[in-house]
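Down below is the structure, laid out as structure tokens.
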Amino acid sequence: MILKNHVIFDFNGVIVNDEELHFESTKVVLKNLLNIEITSDDYYKFFAGKTNKLGFTVYLNLKGVQENIENLIINKNKIYLELISKEVPVVSSTIRFIKEYHSKYCFSIVTGAIRKEVEFILDKTNLKSFFDVVLCSEDFKESKPSPEGYLKAIALSKIPAKNTVIIEDSISGIEAAKNANTRCIALTTTFKREEISHADLIVDELKSEHVEKFFN
């Protein structure tokens with residue numbers, strides 16, 4: 001039996017280009033419930049690439065505000081789903097790669113997003129059948145940059161880390177990939193090149209040769 005190589009995708013900023021929708025829904029819920037106006041810089045510093053729970057916890061601690069985090073997350077997710085149900089802004093180069101090469105590789109998703117959001121988008125884009133493993137925030141205890149989610153996906157795939165490449169877009173996600181002892185390709189959908197320079201390869205669009213170079 002020939003062992004397939006393993007490609008693990010982050011979700012937000014890699015498969016779906018929805019970080020601005022997450023920013024908008026976070027901004028609305030903070031304003032409506034706490035009368036806090038979050039800047040774009042603070043959102044990308046405290047929330048992008050992290051779970052909702054970690055983002056809200058660290059940000060509100062900084063602001064000296066005590067609040068029911070779960071209530072904020074529920075309201076934020078409701079707003080997000082309303083926004084993305086109008087149109088799913090996919091990362092077209094990633095979608096092309098997934099559809100063209102799903103039979104060649106084992107594909108997994110590891111994301112800090114909640115399963116309800118991920119499954120909604122996978123259903124809407126007809127991508128669910130292409131993935132062997134889908135791990136969401138409910139499936140691991142520690143958020144990126146912890147490698148827990150990636151290590152769990154590697155274990156479930158039964159394909160070693162040396163045969164694995166991770167596609168990321170965030171600073172903490174790249175750190176998680178490195179902490180899992182894998183190679184990492186970073187997309188420039190969310191952060192500037194200088195902010196994600198610790199990735200093994202930085203690209204504007206994902207192409208087959210970018211992945212193949214790590215397996216040859």
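Placing pseudo-labels 7 Å out from each Cα toward the beta carbon at LYS53 and LYS104 gives an inter-label distance of 3.8 nm.
The GluC sites (Glu not before Pro) found in the stretch 32-107 that occupy coil by DSSP, while having at most 13 further C-beta atoms within 10 Å, are GLU37, GLU87. Exceeding 21 Å between C-alpha atoms, which entries from my cross-link table qualify? They are LYS50/LYS141; LYS104/LYS213; LYS124/LYS144; LYS86/LYS207. Too far apart for the 21 Å limit: LYS124/LYS144; LYS86/LYS207. Here the Karplus curve 6.51 cos²θ - 1.76 cosθ + 1.60, taken at θ = phi - 60°, turns the phi angles of the stretch 111-118 into couplings of 9, x, 6, 6, 4, 4, 5, 5 Hz, with x standing for Gly and Pro. By the Stokes-Einstein formula, at 1.002 mPa s and 20 °C, the stretch 91-216 with its Kirkwood radius over alpha-carbon pairs has D equal to 145 µm²/s. Compute the helix-to-body angle for 92-101: its Cα long axis versus the longest principal axis of the chain, expressed 0 to 90° and rounded to tens. Tilt relative to the chain: about 40 degrees. Dimensions of the stretch 19-84 along the principal axes, based on C-alpha atoms and rounded to the nearest Å, stand at 31, 22, 19, largest first. Calculated [222 nm] ellipticity per residue, helices only, for the chain: -13500 deg cm²/dmol; basis is -39500 (n - 2.57) per DSSP H run with n ≥ 4, divided by all residues, nearest 500. On full extension, the segment bounded by ASP41 and ASN5 gains 9.3 nm, given 0.36 nm per residue less the C-alpha separation. Remark on ILE109: its backbone amide H falls under 5 Å from those of PHE9, VAL133, VAL134, LEU135, a criterion applied only to residues 5 or more positions apart or on other chains, H modelled at 1.01 Å from N. Its Cα gyration tensor gives the chain an equivalent ellipsoid. The semi-axes, each the square root of 5 times an eigenvalue, are 29, 18, 16 Å from largest down. Using the alpha-carbon atoms, what tilt in degrees (0 to 90, nearest 10) does helix 19-34 show relative to the longest principal axis of the chain? That helix lies at roughly 20 degrees to the long axis. Were the residues from ALA155 through GLU24 laid out at 0.36 nm apart, the gain over their Cα-Cα distance would be 43.6 nm. Using θ = phi - 60° in the Karplus curve 6.51 cos²θ - 1.76 cosθ + 1.60, the 3J(HN,Hα) couplings for the stretch 76-82 round to 5, 5, 4, 5, 4, 5, 5 Hz; x is entered for Gly and Pro. In this rough spin-label picture, where each label sits 7 Å from Cα along the Cβ direction, the LYS86-ASP123 distance is 2.1 nm.
Amide H contacts of VAL90 (H built 1.01 Å from N, in plane; Pro and chain starts excluded): ASN17 sit under 5 Å, all sequence-distant by 5 or more or on other chains.
Throughout, read-outs are computed from the coordinates displayed, never taken from laboratory work. Values in this document were obtained by computation on a predicted structure and should not be read as measured data. Note that we place each Cβ from the backbone using ideal geometry, even for glycine, and neighbour counts take in every protein chain shown.
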